[in-house]
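Bear in mind these aren't lab numbers, they're just calculated from the coordinates by the rules spelled out. Quick caveat: nothing in here was measured; it's all calculated off a predicted structure. Heads up, the Cβs are rebuilt from the backbone with ideal geometry, glycines too, and the neighbour counts pull from every protein chain shown.
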Amino acid sequence: KDDFHTISKKEVVNIIEARYREILSIVKEKLIEIGKAKALPGGVVLCGGTVKIAGCTTLTREILELPVQIGRPQGIEGMVERIDDPSFAHAVGVLHFAVKYGTPPSFFDFNFDFFFEKIKSFFSKLLP
């Protein structure tokens with residue numbers, strides 16, 4: 001017997017919007033706790049693939065009452081058209097951080113060599 005359940009696009013939209021609202025409400029609570037609600041002059045920068053969902057920036061602006069931008073990778077050369085997308089903003093940011101500051105403190109046990117090899121491998125597959 002199949003365990004599949006079909007749901008409508010409207011139901012998916014309602015679920016996604018509810019999760020956005022939940023996450024943004026938590027962010028707003030944390031900003032209030034640290035005294036920064038409505039007090040971030042640069043506003044909020046959203047990154048990651050989900051920011052491409054229609055209405056994400058409007059909802060964020062509405063709930064946080066702050067300016068909102070979509071983050072895109074910056075400071076990169078070559079293959080820009082292939083990674084000029086919010087989905088890559090985190091990965092490029094981590095790479096910039098590692099180049100600028102070196103490896104993180106020892107309590108943050110992360111294998112950057114392995115990470116860079118994986119990134120290099122990924123991008124090499126995109127090249128013709």
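Apply the a/c threshold of 1.5 to the C-alpha gyration tensor of region 12-87 and tell me whether it is rounded, prolate or oblate.
Oblate, because a/c is 1.5 or more while a/b does not exceed b/c.
Could you give the length gained by full extension between residue 3 and residue 84, i.e. 0.36 nm per residue of separation minus their alpha carbon distance, to one decimal place?
Here the segment from residue 3 to residue 84 would lengthen by 25.3 nm.
Which distance in nm do the two modelled labels at residue 99 and residue 15 give, with both placed 7 Å along the Cα-to-Cβ direction?
Roughly 3.9 nm, to one decimal.
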